[in-house]
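Notes to accompany the following structure.
The values are calculated or read from the model by the stated rules, or taken from the named source; none is laboratory data. Bear in mind the structure is a predicted one, so any value in this text is a computation, not a measurement. Cβ sites come from the backbone with ideal geometry, for glycine too, and all protein chains shown count toward neighbours.
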Amino acid sequence: REAPIPKMLAPCLLRRAILTVPLVFVLALLVTEPVRADQEAGTAIPAESRPCVDCHAFEFMQRALQDLKKTAYNLDTR
């Protein structure tokens, strides 16, 4: 027959576990190195070769206008 756990020991172990888990989590966060923006996965495109935001918006609007023209043409031909 197993010996029963003393009444005072169970709360003590629970309290110790409650304090240990966050402590281990905080230590793990302190040990790990944060990911910086220059460590992103994939290939980095230099800023000089990337189109500006206005160029992206203009190209997007051109494609949207072409799609609208095609849709209007398809509706007219029906």
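Odds and ends about this structure:
- Residue-level check: of (1) of a type in the set (A, V, I, L, M); (2) surrounded by 10 or more Cβ atoms within 10 Å (Cβ to Cβ); (3) at pLDDT 80 or above, Leu9 misses just (3).
- Residue count for the stretch 27-50, restricted to those that are of a type outside the set (D, E, K, R), at pLDDT 65 or above and either within 20 Å of the chain's Cα centre (by Cα) or loosely packed, with under 10 Cβ neighbours inside 10 Å (or both): 12.
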